[in-house]
Amino acid sequence: MRAYPLDAARARVADLRSVFAVPAFRTYIFGNFAMTNGFWMQRIAVGWITWEATGSEAWLGLVAFAELFPSIFTALLGGALADRYPSPRVLFWGQVLSGLIALAFCLLHLTATLTPYLILALMSGMGAISGAVIPARLSMASWLVPKPLLPTALAVNSTSFNLSRFLGPAFAAGLLIAGSAALVFLVAAMSFAALSVALWRIRDVPRTGESRRTAPPAGMATVLRDVIATPAIIGIILLQLAQGMLVRPASELFPAYAEAVFQRGEFGLGALSGALGVGAVIGALALSGARETREAVRQIFTMSVVFAVSLIAFALTGTFWLALVILVVHGIAMSASNISALAFVQLNTAPERLGRVLSLYTIVFRVGPAVGAFLFGITAEATSLMATGIGCGIVALAVTAALFAFITRNLPRT
């Protein structure tokens, strides 16, 4: 019996070797790791200079809204682009444009002309670009590796993203402490350039496996009808919307927490973001692959409860180091619940409508944090960060319980 875990570990190592033996995937994943570090560095710098310029929780929420909301609309265009053109090429042009925006941030900050309204405009542009390339980004693993290796490739990509969630803020905090926000933006621009170079090298790599097929045309009405046919999918998507509106926005207010609650400045901002990133990496690595439907639902909702409870605990504590520990737990729950929910949707959706259902999932995943960050910031400014965090956590728990009851009631009997 002891051989089973060892055999599983050996199989995982073999899959990892096979994935990294694919030259195009290896080129992409290292370039993408550089880019995601720059992405998180830029987000930390934008949040900090917004807080320094305004001292307003509402402005922090508004900037987060400006980044996320435009992507809801451009994601539909991105789906059409990903269906028509090779994913590496679509993603390449997105990185070029993102790099130009990072350079604009750098130059405007150096010349002391970066106003809050210009920050809003630039982040709106970044959000629009992000939405346009999301479908291509999500399909990169399936484009580059054989289908049997797809789960391993996705796990590598998720771990890479969450590791950069820890490293990027740490690098950014160090540069901000040194007074070099412009250098943060320059490094971010270089990271976008690094992925652009990697994508240019693999721009003509054909899709692995079967030839690319044109997706059937589908409007939002068709997507909604497909989702309504599966109540469990509706429940999981609504859960992601609730988490996005009520729990995830707290991380957008980290600059306010670092300065107003913990009095730790740039160091505190980097530490808070880094602790969340450490937890997210642990959650991605430790997640069990529950495939039986009821077990998967229990796993999703257990992590969702921990996600909400840890927000309440974070809002209540005034001790910085305890807050970091809580955020590690928060990050574990965030990562595990998100990955489990996405896997559940994919495993329980018919292949012929998977793309359309995932397009709705993506839009919901973006609109929740966009609206939530804006409302969280306004509410925190009108009341307090503590009251807003506690209130959002309690409402999230109530919504989670209601959705769990709804989903389990509609699951097929086994």
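When only residues in the stretch 219-260 that are surrounded by fewer than 17 Cβ atoms within 10 Å (Cβ to Cβ) and among the hydrophobic types (A, V, I, L, M, F, W, C) count, which is modelled with the highest pLDDT? Show your work before the answer.
Of the residues in the stretch 219-260, the ones surrounded by fewer than 17 Cβ atoms within 10 Å (Cβ to Cβ) are 219-222, 224-225, 228-229, 231, 260.
Those still in the list that are among the hydrophobic types (A, V, I, L, M, F, W, C) too: 220-221, 224, 228-229, 260.
Details: 220: 53, 221: 64, 224: 67, 228: 71, 229: 69, 260: 90.
The qualifying residue modelled with the highest pLDDT is 260.
Could you look through the stretch 12-35, keep only residues that are among the polar types (S, T, N, Q) and crowded, with 17+ Cβ neighbours inside 10 Å, and pick out the one that is nearest to residue 241 (Cα to Cα)? Explain how you work it out, then say what you get.
First, pick out the residues of the stretch 12-35 that are among the polar types (S, T, N, Q): 18, 27, 32.
Narrowing the set further to residues that are crowded, with 17+ Cβ neighbours inside 10 Å leaves 27, 32.
Values: 27: 34, 32: 27 Å.
Going through the qualifying residues, I end up with 32.
Let's see how each residue does on (1) of a type in the set (Lys, Arg); (2) without any contact (Cβ under 8 Å) to a residue 60 or more places away in the chain; (3) in contact with a strand residue (DSSP E or B) (Cβ under 8 Å, 6 or more places away or on another chain); (4) more than 30 Å from residue 206 (Cα to Cα):
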{"position": "68", "(1), (2), (3), (4)": "no, no, no, yes"}
{"position": "76", "(1), (2), (3), (4)": "no, no, no, no"}
{"position": "80", "(1), (2), (3), (4)": "no, yes, no, no"}
{"position": "90", "(1), (2), (3), (4)": "no, yes, no, no"}
{"position": "96", "(1), (2), (3), (4)": "no, no, no, no"}
{"position": "103", "(1), (2), (3), (4)": "no, no, no, yes"}
{"position": "106", "(1), (2), (3), (4)": "no, no, no, yes"}
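Across the stretch 104-116, what is the total count of residues that are within 26 Å of residue 33 (Cα to Cα) and either of a type in the set (Ser, Thr, Tyr) or not in a helix (DSSP H, G or I) (or both)?
Kept after step one, since they are within 26 Å of residue 33 (Cα to Cα), are these residues of the stretch 104-116: 104-107, 109.
Applying the additional criterion that residues be either of a type in the set (Ser, Thr, Tyr) or not in a helix (DSSP H, G or I) (or both) yields none.
The number of residues fulfilling the criteria is 0.
Among (1) within 29 Å of residue 263 (Cβ to Cβ); (2) out of contact with any His (no Cβ under 9 Å at 6 or more places or on another chain), where does residue 129 come up short?
(1)
Name the pairs: first residue in the stretch 181-201 and in the same structural domain as residue 97 (by TED's automatic domain parsing), second residue surrounded by fewer than 23 Cβ atoms within 10 Å (Cβ to Cβ) and acidic (Asp, Glu), Cβ to Cβ under 6 Å, at least 6 apart or on different chains?
So the pair list comes out empty.
Checking the structure you have, find out if any residue of the stretch 64-73 is in contact with a Leu (Cβ under 8 Å, 6 or more places away or on another chain) and either at pLDDT 85 or above or closer than 30 Å to residue 266 by Cβ (or both).
Start the filter on the stretch 64-73 by keeping residues that are in contact with a Leu (Cβ under 8 Å, 6 or more places away or on another chain), which leaves 66.
Of the ones still in play, those that are also either at pLDDT 85 or above or closer than 30 Å to residue 266 by Cβ (or both) are 66.
Checking the stretch 64-73: at least one residue is in contact with a Leu (Cβ under 8 Å, 6 or more places away or on another chain) and either at pLDDT 85 or above or closer than 30 Å to residue 266 by Cβ (or both).
Specify the residue that is modelled with the highest pLDDT; the eligible residues are those in the stretch 159-186 that are β-branched (Val, Ile, Thr) and surrounded by fewer than 22 Cβ atoms within 10 Å (Cβ to Cβ).
Of all residues in the stretch 159-186, those β-branched (Val, Ile, Thr) come to 159, 177, 184.
Add one more test, that the residue is surrounded by fewer than 22 Cβ atoms within 10 Å (Cβ to Cβ), and what stays is 159, 177.
Details: 159: 80, 177: 85.
Step by step, filter the stretch 159-186, then rank; the result is 177.
Out of 119, 134, report the one residue that is closer than 19 Å to residue 53 by Cβ, touching a residue at least 24 places away in the same chain (Cβ under 8 Å) and either in contact with a helix residue (DSSP H, G or I) (Cβ under 7 Å, 6 or more places away or on another chain) or not in a helix (DSSP H, G or I) (or both).
Values: 134 fails: closer than 19 Å to residue 53 by Cβ.
Step by step, each of 119, 134 is checked, and only 119 is closer than 19 Å to residue 53 by Cβ, touching a residue at least 24 places away in the same chain (Cβ under 8 Å) and either in contact with a helix residue (DSSP H, G or I) (Cβ under 7 Å, 6 or more places away or on another chain) or not in a helix (DSSP H, G or I) (or both).
Say whether the condition of being assigned to a helix (DSSP H, G or I), in contact with a helix residue (DSSP H, G or I) (Cβ under 9 Å, 6 or more places away or on another chain), surrounded by fewer than 24 Cβ atoms within 10 Å (Cβ to Cβ) and at pLDDT 85 or above is met by at least one residue in the stretch 199-214.
Yes, some residue in the stretch 199-214 is assigned to a helix (DSSP H, G or I), in contact with a helix residue (DSSP H, G or I) (Cβ under 9 Å, 6 or more places away or on another chain), surrounded by fewer than 24 Cβ atoms within 10 Å (Cβ to Cβ) and at pLDDT 85 or above.
Mind checking which residues of the stretch 36-74 are hydrophobic (A, V, I, L, M, F, W, C) and surrounded by fewer than 24 Cβ atoms within 10 Å (Cβ to Cβ)? I'd like the intermediate steps shown before the answer.
Within the stretch 36-74, the subset hydrophobic (A, V, I, L, M, F, W, C) is 39-41, 44-46, 48-49, 51, 53, 58-60, 62-66, 68-69, 72-73.
Passing the criteria: 39, 49, 51, 53, 58, 59, 62, 66, 69, 72, 73.
Any residue in the stretch 402-414 that is within 11 Å of residue 235 (Cα to Cα) sitting within a Cβ distance under 6 Å of a residue that is at pLDDT below 85 and assigned to a loop (DSSP other than H, G, I, E, B)? List the pairs, counting only those 6 or more apart or interchain.
Matching pairs, first to second residue: none at all.
The values are calculated or read from the model by the stated rules, or taken from the named source; none is laboratory data. Because the structure is predicted, anything quoted here is derived from the model rather than measured. Using ideal geometry, Cβ is built from the backbone for each residue, glycine included, and neighbour counts are taken over all protein chains shown.
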